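Since the structure comes first, as structure tokens, the remarks are kept for the end.
The values are calculated or read from the model by the stated rules, or taken from the named source; none is laboratory data. The shown structure was predicted, so the numbers you read here are calculated from the model rather than taken from an experiment. Heads up, the Cβs are rebuilt from the backbone with ideal geometry, glycines too, and the neighbour counts pull from every protein chain shown.
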Amino acid sequence: MTDILPQIVALRLKDKDPNFILVDIRPLDERRIAHIQGDIHIPAEKFDPARFNGKDIVLYCRTGVRSGVLAEEWQEKGFPNVKNMAGGLHAWAEKVDASIPKYEHQH
């Protein structure tokens, strides 16, 4: 599986690269706590990379575990353009934007 560092994701977002999409795959209740400016929200069960016509897609969740599993599934299905943001939103909070709150997973 291919992981992308949060710092690289931040640069791609800042450049407003039209071929780059950051996707929050968390459920809406988690997204309401915090999300990354410039992302789009598609819950994991509704995500389909075929909708994005070969663009570079980076998935994220709270810690990168769920998005990592999903990215790996789509890579195995023939979508090498789907990657995971290493460490998820927590790593983003540590490395890019300290104003993003960390939170515990709600079950």
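Before moving on, here are some points about what is shown:
- Filtered residues of the range 76-107 (kept if touching a Ser or Thr at 6+ places or on another chain (Cβ under 7 Å) and either modelled with pLDDT under 95 or not small (Gly, Ala, Ser) (or both)): Lys83, Asn84, Met85, His90
- Selection of helices (runs of 4 or more DSSP H) fully inside the range 1-90 by the criterion of at least 1 residues being β-branched (Val, Ile, Thr) and surrounded by 14 or more Cβ atoms within 10 Å (Cβ to Cβ) returns 6-14, 65-76.
- Selection count where residues are more than 17 Å from Gly38 (Cα to Cα) and free of Cβ contacts under 8 Å to residues at least 24 places away in the same chain, scope the range 95-107: 3
- None of Lys16, Lys46 is modelled with pLDDT under 95, out of contact with any Phe, Trp or Tyr (no Cβ under 6 Å at 6 or more places or on another chain) and over 18 Å from Tyr103 (Cβ atoms) except Lys16.
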